[in-house]
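The structure appears right after this line, and notes come after that.
The values are calculated or read from the model by the stated rules, or taken from the named source; none is laboratory data. None of these values were measured; they are calculated from a predicted model. Every residue, glycine among them, receives a Cβ derived from its backbone with ideal geometry; neighbour counts consider all protein chains shown.
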Amino acid sequence: MREELDKLLCAKYPEIFADRDKSMQETAMCWGFEHGDGWFEIINQLCANIQHHIDWSKKNHDWDIAYNEKHLDEQRTVREVVSQVVAVQIKEKFGTLRFYYDGGDEAVDGMVRMAESMSAVTCETCGSPGVQRGGGWIRTLCDTHEAEYQNRFLKKEVE
């Protein structure tokens with residue numbers, strides 16, 4: 001993914017990408033986003049949903065505590081705070097997005113699985129509808145970018 005899109009995601013979701021600039025001994029995020037620009041919006045929306053879910057869990061937790069302090073005769077169960085998601089690695093593998101992370105809960109896991117499945121029908125290059133294609137390396141591309149890929153690949157074979 002282009003550097004400016006990488007920086008945009010890291011600036012927009014600093015908690016999720018807290019390890020982005022750490023060493024390779026600490027995280028695979030040191031390699032950046034290992035996929036094309038076409039999946040930017042999938043990741044952007046995924047991160048927005050994850051962070052909203054985490055922030056909402058913190059507010060619910062705080063509201064429950066405040067309620068219990070005011071209503072000693074009527075106590076609510078205090079909801080748990082969802083642990084902060086921190087991205088460990090984001091890449092393409094077998095033609096789809098892989099989003100590895102620490103933290104979260106079952107809802108976050110569902111969001112990640114949905115985003116990964118969306119990548120299977122989204123061109124990794126441009127974000128248009130795409131199809132998984134084989135022939136060596138599995139990739140998800142629209143017809144236009146598949147034709148460009150084939151032209152480059154065939155040109156290298158001829159040379």
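Would you mind stating whether LEU46 is under 17 Å from the mean Cα position of the chain (by Cα), outside any loop (DSSP other than H, G, I, E, B) and either free of Cβ contacts under 8 Å to residues at least 60 places away in the same chain or not assigned by TED's automatic domain parsing to the domain that holds TYR101 (or both)? No: the conditions fail for LEU46.
Every test in (1) within 14 Å of the chain's Cα centre (by Cα); (2) loosely packed, with under 15 Cβ neighbours inside 10 Å is passed by GLN51 save one, and that test is (2).
Selection within the stretch 104-133: residues that are part of a helix (DSSP H, G or I) and not aliphatic (A, V, I, L, M). The member of this set that is surrounded by the fewest Cβ atoms within 10 Å (Cβ to Cβ) is GLU106. Within the stretch 59-91, if we keep just the residues that are in contact with a Phe, Trp or Tyr (Cβ under 8 Å, 6 or more places away or on another chain) and not polar (S, T, N, Q), the residue that is farthest from PHE40 (Cα to Cα) turns out to be ARG76. Look at (1) farther than 27 Å from GLY38 by Cβ; (2) in a strand (DSSP E or B); (3) polar (S, T, N, Q) and you find that GLN84 fails only one, number (2). One residue stands out in the stretch 10-30 among those that are touching a helix residue (DSSP H, G or I) at 6+ places or on another chain (Cβ under 8 Å) and without any contact (Cβ under 8 Å) to a residue 60 or more places away in the chain: the one that is nearest to VAL82 (Cα to Cα), namely TYR13. Once the stretch 78-132 is narrowed to residues that are more than 30 Å from HIS61 (Cα to Cα) and hydroxyl-bearing (Ser, Thr, Tyr), the residue that is farthest from the chain's Cα centre (by Cα) is SER128. Could you list, in sequence order, the residues of the stretch 1-60 that are polar (S, T, N, Q) and touching a Lys or Arg at 6+ places or on another chain (Cβ under 6 Å)? Result: ASN60, single match. Take GLU92 and tell me if it is closer than 30 Å to GLU26 by Cα, in contact with a His (Cβ under 6 Å, 6 or more places away or on another chain) and among the charged types (D, E, K, R). When the stated conditions are applied, GLU92 passes them. For LYS59, the stated conditions do not hold, so it cannot be described as of a type in the set (Lys, Arg), at pLDDT 95 or above and closer than 30 Å to GLY134 by Cβ.
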